[in-house]
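> Please read through the structure below; I'll follow up with questions.
The values are calculated or read from the model by the stated rules, or taken from the named source; none is laboratory data. The model shown is predicted, which means the values in this text are computed figures rather than measured ones. Virtual Cβ from ideal backbone geometry, glycine too; neighbours counted across all protein chains shown. Ligands, DNA and RNA are excluded from the accessible area calculation, which covers all protein heavy atoms including side chains. Shrake-Rupley method; radii C 1.70, N 1.55, O 1.52, S 1.80 Å.
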Amino acid sequence: MGKRDGEDKRKRGNARKHGGHSDQFPVSVSSLHFPSAAQSISRTLSSLRRSALSISNRLRSIESDAAFVAEVAEHYGLPLVANERCGSWYISPDIKAGSAYFKSTDGHTGQWDFSFRRLNLQILPLARQHGGCIIVDSTRRGKLMPDALSKTVPIWCAVMNRALFPSDAAYHAVQLPPNYLGASEESQIELRIDGFVKSLKDLKLDLDDLRQQLGKPIRVAWANRSYFYPTDLHKGPDYNLFVLCSASKRVHGAEISEGGYIQGAGDDSEGWAQGLTPPVFWAHKATLLKTPEEDLPELVEELVKEHRGQDTAEQATLVAPTRNLYISQTNASINDSGLYDLVIDCNARPAASEGDPKRLYLGCRSSKLGSRDLRQELEKVRAFVSSQLATDPSRSLLVTCETGKDLSAGALLAIICLFYNDDGSFTTSPARRSIDKQFIRQRLAWIVSSKHDVNPSRPTLQSVNAFLMERPDY
């Protein structure tokens, strides 16, 4: 036996001795390994999916969906209203008539709700003027329409019809899309409407005024890539037509199977847009669509900076029925304009207002941390308002925060509950001594009816409730 044959025999013997196989000579299929094959396939699929979901594909998909939305507007002859945040991607600003804020979560199965933080009353006069409106939204792949359009808006329409037009029973049923929900879900939704109507009435809004703003009951229609329903329904003399338009084509398979088309391309833009917003997109659509993918991030950054410099300061909003309380996003040109006698800034550092008795800066952080901070600062707000307005209740007071929608609304809500009567007049000795959740909800309705994009977070409202109701464990 030669030397090489002996070495091979020793290797095979050692392999058997240790219960294994020789590294050089696999003896079964199971011992064959291709460690890179599965990883390579996974990486390839991930790469294809990222490519399919590229910014370029998203913008082209949005352009396609926007063309469909424009066709719907022409078909019905009604103004376009974006259901924010995603709806604005599909409407050119020159034909956008307004914004709505209907949450899909209020239409989720078993969670059907009528939002008292987003009353959407701004739609009423627009609908009266034009005989209705088209509410635009979209949803991601697999669904024909978002829950906001299939359930949330129909619930809202039914509540409005029953509350404002109690004698027009023909419009009281919940109008739902055809053959879309199960009979059980439709029945359960219907059973909740009267409770929502009662809660709306409990807000003590001027229903006669709202009825005048809307003028006629609401009929609902749907427009999507699969159907227009009812097919022959248009504006009419007896009703306002609300068309619920789902902009995107329904996609059943994966994104890579659609040739670059992405259903609901405008959804969750924080995750893909790199700072791009609908106004910037529409202002530079042609340039963005012809720019190679690899150059888009740099271009987007440049365009966003350019538009940020062009942004005009948001005007402050008067909160009715008060005659001196205003709310806005924090902006130096507003705070320092001299238009308002008193200013409370929820986020600015307290040191910046030291020595100025007409300014109160709370130093709250952002998001949930800021809501927690606000709870600790509301006593300062109470003392400031009491000392400044008691001597001259006609002084104007501006309350701001970084968004103009959350902490400022919370601080303002506390002020209104503590110091304002039902007619919106300032008082240091309100007739109502006890404050409960229903009273707070009524006062919150003043704010959301005046500034329609206000959306105080649940932690902010919990902080305000805890302060007002003197229950720290709430």
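> For the range 55-251, take the alpha-carbon Rg, divide it by the Kirkwood Rh, and send me Rg/Rh.
For the range 55-251, the value is 0.95.
> A follow-up question, please. Show the residues, 5+ positions off or on another chain, whose built amide H is closer than 5 Å to the amide H of Val399.
Tyr326, Ile327, Ser328, Ile344
> Another question, then. Please give the length that would be gained between Ile95 and Thr231 if that part of the chain were fully extended, namely 0.36 nm times their separation in residues minus their C-alpha to C-alpha distance (nm, one decimal).
Using 0.36 nm per residue and subtracting the Cα-Cα distance, I get 46.6 nm.
> Next question. Output ³J(HN,Hα) for the range 68-77: one whole-Hz value per residue in order, computed from phi by the Karplus curve 6.51 cos²θ - 1.76 cosθ + 1.60 with θ = phi - 60°, and x for Gly and Pro.
5, 4, 5, 5, 4, 4, 5, 4, 9, x
> Can you give me the % of accessible surface on the range 55-251 that is carbon or sulfur? Probe 1.4 Å, all protein chains present, nothing else counted.
46
> Ala100's amide H: which non-local residues (gap 5+, or another chain) put their own amide H closer than 5 Å, with H modeled 1.01 Å from N in plane and none for Pro or chain starts?
Long-range HN contacts for Ala100: Ala82, Asn83, Glu84.
> Under a Cβ-Cβ cut-off of 10 Å, what is the net charge of the residues other than Lys216 that fall near it, where Lys and Arg count +1 and Asp and Glu count -1?
+1
> Lys305: which lysines have alpha carbons under 19 Å from its alpha carbon, excluding same-chain residues fewer than 8 sequence positions away?
Lys285
> Show Tyr90, Tyr227 ordered by accessible area, largest first, where the area counts protein heavy atoms only and the probe is 1.4 Å.
Result, largest first: Tyr227, Tyr90.
> Please state the relative contact order of the range 317-470 as a whole percent: Cα pairs under 8 Å, 6+ residues apart?
30
> Give me a comma-separated list of calculated 3J(HN,Hα) values for the range 158-174, in order, Karplus coefficients 6.51, -1.76, 1.60 applied at θ = phi - 60°, integers in Hz, x for any Gly or Pro.
Values, residue by residue: 5, 5, 4, 4, 6, 6, 9, 10, x, 8, 8, 4, 5, 10, 7, 5, 6 Hz.
> Which whole-Hz couplings ³J(HN,Hα) result when phi for each residue of the range 215-231 is put into the Karplus expression 6.51 cos²θ - 1.76 cosθ + 1.60, θ = phi - 60°, listed in order with x for Gly and Pro?
My calculation for the range 215-231 gives x, 9, x, 10, 10, 10, 9, 10, 9, 8, 5, 8, 6, 10, 9, x, 5 Hz in order.
> In addition: How high is the relative contact order of the range 55-251, in percent, counting Cα pairs under 8 Å that sit 6 or more residues apart?
Contact order relative to length: 26 percent.
> Right, next: At what distance in angstrom do the alpha carbon centres of the range 205-279 and the range 392-445 lie from each other?
Computed from Cα coordinates, the inter-centre distance equals 35 Å.
> List, in the order given, every pair from Lys380/Lys405; Lys96/Lys249; Lys151/Lys249; Lys96/Lys151; Lys201/Lys358; Lys198/Lys249 whose Cα-Cα distance in the structure shown is over 27 Å.
Going by Cα-Cα distance, Lys201/Lys358; Lys198/Lys249 fall outside the 27 Å limit.
> Amide H to amide H under 5 Å from Ala221: which residues, 5+ apart in sequence or cross-chain, H placed 1.01 Å off N in plane?
Phe242, Val243, Leu244
> Then there is this: Near Ser226, within a Cβ-to-Cβ distance under 15 Å, what is the net charge of the other residues, with Lys and Arg +1 and Asp and Glu -1?
+3
> Related question: Quick one: of the DSSP bridges fully inside the range 317-470, what percent are antiparallel, nearest 5?
Within the range 317-470, antiparallel bridges account for around 20 percent of the total.
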